[in-house]
Each structure stands twice: as C-alpha cells, then as structure tokens.
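Participant: Before I ask anything, here is the structure I am working with.
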Amino acid sequence: MTINIPRGTQDILPGTVEKWQYIENVAREICNQYQYKEIRTPIFEHTELFERGVGDTTDIVQKEMYTFQDRGERSLTLRPEGTAGTVRSFVQHKMFGQANQPVKLFYNGPMFRYERPQAGRFRQFVQFGVEAIGSDDPVIDAEVISLAMELYKRVGLNELKLVLNSLGDTDSRVAHKEALIAHFKPRINEFCSDCQIRLEKNPLRILDCKKDRDHELMASAPSLADYLNEESKAYFEKVQHYLSLMGIEFELDPNLVRGLDYYNHTAFEIMSSAKGFGAITTLCGGGRYNGLIEDLGGPSAPGIGFALSIERLLSALDAEKIELPVSGTLDCYFISMGDKAKDKTVELAFKARQQGLSAEMDTLRRKMKAQMKSADRLKAKHVAILGENELEAGTITVKHLESGSQEIINIDGLIDYLKQS
Ligand code: HAM
C-alpha cells in the first residue's frame with residue numbers, strides 16, 4: 001500500500017519549485033531594498049503564545065491549531081501565523097534595546113492551520129511576512145503596505161485591489177465594544193454558542209461569525225467607523241496621505257475587521273480582482289498591533305506588519321496567465337564515445353562545475369543518440385562531444401544547440417570557451 005501526503009498539504013516538485021525560488025528571491029531583494037532583515041523562529045511554540053497573541057476567541061485558536069503535547073507534557077502548537085512568534089522573539093531578545101529602531105523584520109516559512117482544504121486554502125502553507133516594530137509614524141504603515149504591493153508588482157500581477165480600514169485606538173475600540181454589547185445582548189440567545197461567548201470576550205468577532213451571518217442584527221450592528229475618535233481618524237488620514245504620495249491606489253472598507261485579535265488602527269487586505277480567481281480572493285492581510293508587544297511581556301511598543309502566502313500568489317499568477325522567467329540553465333552537456341573519452345569528459349565536467357558552470361553528462365551508459373536527446377530535453381546551451389579520434393587529436397566538438405552551429409576546438413580551451421559564450 002502506498003502512503004500519500006496528508007490532506008491540505010502539497011509536494012512542491014522540481015519544475016514548480018523554481019517558481020517558489022523566484023518569488024522568494026524577489027521578496028528577499030525587496031526586503032533588502034526596504035531594509036527589513038530576516039528572522040527565523042521555531043515552527044512550534046508554546047500554545048499559550050497563540051492563545052494570548054492571536055486571541056482565544058478567534059477561529060484560528062479555537063478551531064484551527066495543530067496542538068499537541070510533547071513527551072515532557074508541554075502543550076505546543078505548530079505556528080498558525082508568524083506575528084506572534086516574531087514578537088515573542090523581539091521581546092525575548094530585547095530587540096527594543098537595539099540601537100537601530102524601528103526593528104524591521106521579515107520571515108518566510110511554513111504555517112499550519114486545520115482548515116477545510118480548498119483552492120487557495122491549505123493546512124500547511126508558506127507565509128512571507130514583515131513586521132516593523134517600534135514606530136508609530138503612519139509613514140511606516142504606508143511603507144509596509146507598499147512593500148507587499150511592490151512584491152506583487154515585480155512578479156507581474158496587475159489585477160489587484162488594496163482595501164483599507166481603521167480599527168481605531170483603544171478608546172475608540174472600547175466605545176465600539178460597548179455599543180456592540182448593547183446591540184446584541186438583548187437577543188444573544190438567538191445566536192450560536194460561540195457568539196454567546198464572544199459577546200463578553202470580544203463582540204467584534206460576532207461580526208464575522210459564519211453561522212449567524214444572516215441574522216438581522218448583523219446588518220444593523222454599530223459600525224466601528226462611527227466610533228473612531230479624532231486621533232484615530234487623523235492617524236488613518238495620514239496613512240492614506242502617504243499611500244497617495246507613493247502612488248498606491250486603495251479602497252476604504254469599514255467592514256474589514258480581520259480574523260486575528262491583535263489589530264488596531266490600520267487594517268488592510270490585498271485581493272486579486274482577476275477573472276477566474278477562486279472564491280478566496282484575499283492574497284495578503286495585515287495591520288497594526290500596538291498592544292501585542294506589551295501583551296506578550298514586552299514594553300509598550302507599536303508594531304505593524306503583513307503576511308501573504310506564496311500559494312495564493314501563485315494562484316493569482318495563474319489567474320492572470322503570467323509565466324515567471326524561470327528557465328533553468330545548463331551550460332554544457334558532455335557526450336562521450338568509448339571508455340577513454342568517457343574518462344576525459346568526467347574530468348572536464350567536474351572541472352566545469354568547479355569553475356562555476358553547470359554541467360551534466362550521461363550516467364546510464366546510453367548510446368550517443370539517447371544522450372543527444374537528453375541534452376535537448378534539459379535545454380543545454382552547448383553539447384560537447386568527444387570521441388576516441390578527437391581525444392587523440394586533443395580536440396573536442398562543441399555544438400550550440402539553439403543555433404545548431406558547431407565547431408571543433410582545442411580540448412584545453414573548452415572551459416574558457418564555455419565561460420565566454
Ligand atoms: P492572515 O490574514 O490570517 O494574517 O493570513 C495572511 C495571509 O496568509 C492570507 O492573506 C493568505 O494569503 C495566507 N493564508 C492564510 N491562511 C491560509 C491557508 N489556509 N492557505 C493558504 N494561505 C493562507 C496573518 O497571518 C497575520 N499574521 C498577518 C500579519 C502580520 N499581521 C500583522 N503582521
């Protein structure tokens with residue numbers, strides 16, 4: 001019996017992995033240009049980190065975490081997202097004391113959520129994300145958003161929609177929370193058991209309940225936008241001002257609340273508007289989380305970031321029919337006839353590799369014709385053919401596959417010849 005991979009996971013095979021590498025390289029290059037430094041945190045963390053960080057009334061914590069006990073009976077969880085671990089690390093390593101502030105970090109790695117798998121939704125997926133911790137200047141909100149947009153632009157995506165909202169500061173949120181409680185409380189027994197718990201703990205979550213979304217009280221619920229105080233409004237306007245300076249278009253959506261508890265002020269999502277894109281159109285999500293650092297035992301420090309999955313980015317590329325320029329390079333395929341010639345091509349191929357060229361040769365003892373086919377299939381730039389006669393004469397035939405032109409050159413000059421052409 002064969003064993004297949006678990007539901008909601010995927011193997012990324014040669015032929016596809018090059019696309020991932022390409023995207024990840026572009027992401028790294030942009031992070032360097034924006035001065036975000038890479039951080040790598042563990043794949044699993046103490047469960048409590050996500051309960052406190054992401055929020056214990058969220059779907060992620062209540063329904064989607066891969067939580068297990070290790071042999072020492074600690075409760076550990078495969079990370080469902082990257083922000084909590086990054087902030088934990090920021091606090092643990094006292095990065096708030098570093099000379100360089102704000103601390104600008106990026107990560108790229110697997111995340112795990114026990115969700116119902118469908119197009120664009122996996123149980124293991126790779127998030128590229130950034131976190132800027134230590135600045136409450138709205139210009140950094142715009143910078144973070146522009147970084148995500150820049151990545152999409154550089155891989156060629158055009159059909160994107162950036163949606164923004166402000167969740168306001170603590171005072172605004174407290175006022176809104178009270179209004180929500182007053183709105184739902186008299187009829188909360190008509191709602192699901194999750195919502196009944198949410199009412200006291202985090203009534204905002206009621207608004208994205210999937211079971212009760214058609215209840216009449218949902219549409220008439222008080223909107224956060226009406227509870228933003230002057231400071232929060234001014235902050236949000238500045239974010240929009242800086243985005244406009246950067247030439248980034250956006251739409252405002254007062255209903256954008258995001259599915260994690262740590263957000264305040266700026267919240268944003270980037271969607272694909274390409275025709276034929278699946279039901280889940282959100283490519284990227286992020287926002288400000290000014291209370292999270294303190295909640296996780298650090299000093300009071302502001303933070304903002306986003307995460308996007310490479311899987312959804314690839315789906316968006318497919319929907320827009322964009323091919324990434326990822327053809328592999330094989331500089332030379334070596335073909336030999338006879339044992340002595342084979343010895344020489346083994347030497348030459350290894351030397352070519354040491355000199356930074358990519359080289360391949362036959363290891364299945366195939367006939368020359370089959371070797372030629374192999375070179376074609378691998379899209380080799382050159383084929384170097386060595387027979388016994390040529391070996392004796394100290395020469396080798398080099399064929400340029402694309403043009404079909406070929407010449408006989410001195411065998412000692414081969415590596416330089418390949419390097420120069
Ligand atoms: P999130 O909205 O839960 O936010 O996820 C961010 C992105 O991760 C989504 O927009 C989507 O691209 C991708 N994603 C999420 N779940 C899946 C899935 N099951 N399969 C494929 N892709 C998925 C966060 O995770 C926050 N930590 C973002 C953030 C960083 N906020 C501030 N800093």
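The values are calculated or read from the model by the stated rules, or taken from the named source; none is laboratory data. Note that the structure is a prediction, hence the values are computed from the model and not measured. Neighbour counts are summed over all protein chains in view; Cβ atoms, including those assigned to glycine, are modelled from backbone coordinates with ideal geometry.
Participant: Give the residue that is modelled with the lowest pLDDT, with candidates limited to residues of region 112-134 that are under 18 Å from Thr77 (Cβ atoms) and not in a strand (DSSP E or B).
Facilitator: Glu115
Participant: Only one of these is over 21 Å from Leu283 (Cα atoms), in contact with a Pro (Cβ under 9 Å, 6 or more places away or on another chain) and either surrounded by 22 or more Cβ atoms within 10 Å (Cβ to Cβ) or of a type outside the set (Phe, Trp, Tyr) (or both): Glu237, Glu230. Name it.
Facilitator: Testing whether each residue is over 21 Å from Leu283 (Cα atoms), in contact with a Pro (Cβ under 9 Å, 6 or more places away or on another chain) and either surrounded by 22 or more Cβ atoms within 10 Å (Cβ to Cβ) or of a type outside the set (Phe, Trp, Tyr) (or both) leaves just Glu237.
Participant: Which ones in region 151-174 are outside any loop (DSSP other than H, G, I, E, B) and surrounded by 17 or more Cβ atoms within 10 Å (Cβ to Cβ)?
Facilitator: Once the filter is applied, which keeps residues that are outside any loop (DSSP other than H, G, I, E, B) and surrounded by 17 or more Cβ atoms within 10 Å (Cβ to Cβ), region 151-174 yields Leu151, Tyr152, Leu160, Leu162, Val163, Leu164, Asn165, Ser166, Ser172, Arg173.
Participant: Let me ask another. Does Asp169 count as within 16 Å of the ligand (Cβ to nearest atom) and either at pLDDT below 95 or in contact with a helix residue (DSSP H, G or I) (Cβ under 7 Å, 6 or more places away or on another chain) (or both)?
Facilitator: no
Participant: Here are some residues: Val144, Val139, Val155. Which one is among the β-branched types (Val, Ile, Thr) and more than 28 Å from Glu294 (Cα to Cα)?
Facilitator: Val155
Participant: Checking the structure you have, find out if any residue of region 21-39 is in contact with a strand residue (DSSP E or B) (Cβ under 8 Å, 6 or more places away or on another chain) and either among the hydroxyl-bearing types (Ser, Thr, Tyr) or within 25 Å of Asp208 (Cβ to Cβ) (or both).
Facilitator: There is at least one residue in region 21-39 that is in contact with a strand residue (DSSP E or B) (Cβ under 8 Å, 6 or more places away or on another chain) and either among the hydroxyl-bearing types (Ser, Thr, Tyr) or within 25 Å of Asp208 (Cβ to Cβ) (or both).
Participant: Another question, then. Being among the acidic types (Asp, Glu) and over 18 Å from the mean Cα position of the chain (by Cα) is the filter; apply it to region 275-332 and report the residue that is surrounded by the fewest Cβ atoms within 10 Å (Cβ to Cβ).
Facilitator: Checked region 275-332; the qualifying residue surrounded by the fewest Cβ atoms within 10 Å (Cβ to Cβ) is Glu323.
Participant: Residue check, Thr86 against (1) of a type in the set (Val, Ile, Thr); (2) more than 27 Å from Trp20 (Cβ to Cβ); (3) within 14 Å of the ligand (Cβ to nearest atom); (4) modelled with pLDDT of 95 or more, all met but one. Which one?
Facilitator: With (1) of a type in the set (Val, Ile, Thr); (2) more than 27 Å from Trp20 (Cβ to Cβ); (3) within 14 Å of the ligand (Cβ to nearest atom); (4) modelled with pLDDT of 95 or more applied to Thr86, the lone miss is (2).
Participant: Any residue in region 216-238 that's touching a residue at least 60 places away in the same chain (Cβ under 8 Å): show its pairings with residues that are buried (at least 16 other Cβ atoms within 10 Å of the Cβ) and part of a helix (DSSP H, G or I) at Cβ separation under 6 Å, as long as the two are six or more apart or on different chains.
Facilitator: Leu228/Ser172; Asn229/Ser172; Ser232/Ser172; Tyr235/Pro138; Lys238/Pro138
Participant: Return the only residue of Thr77, Thr9 being within 15 Å of the ligand (Cβ to nearest atom), β-branched (Val, Ile, Thr) and not assigned by TED's automatic domain parsing to the domain that holds Val139.
Facilitator: Thr9
Participant: Against the condition at pLDDT 95 or above and under 30 Å from Glu18 (Cα atoms), how does Pro80 come out, does it pass?
Facilitator: Against the criterion (at pLDDT 95 or above and under 30 Å from Glu18 (Cα atoms)), Pro80 qualifies.
Participant: Just give me the residues in region 384-411 being loosely packed, with under 11 Cβ neighbours inside 10 Å and part of a helix (DSSP H, G or I), in sequence order.
Facilitator: Glu392
Participant: Then there's this: Looking at (1) buried (at least 19 other Cβ atoms within 10 Å of the Cβ); (2) near the ligand (Cβ under 10 Å from one of its atoms); (3) closer than 30 Å to Arg198 by Cβ; (4) of a type outside the set (Gly, Ala, Ser), find the lone condition where Asp141 falls short.
Facilitator: So Asp141 meets the others, but not (2).
Participant: Can you find a residue that is without any contact (Cβ under 8 Å) to a residue 24 or more places away in the chain and either among the hydroxyl-bearing types (Ser, Thr, Tyr) or farther than 24 Å from Gly120 by Cα (or both) anywhere in region 73-89?
Facilitator: Initial filter on region 73-89 (without any contact (Cβ under 8 Å) to a residue 24 or more places away in the chain): 73.
Those left that are additionally either among the hydroxyl-bearing types (Ser, Thr, Tyr) or farther than 24 Å from Gly120 by Cα (or both): 73.
For region 73-89, residues without any contact (Cβ under 8 Å) to a residue 24 or more places away in the chain and either among the hydroxyl-bearing types (Ser, Thr, Tyr) or farther than 24 Å from Gly120 by Cα (or both): present.
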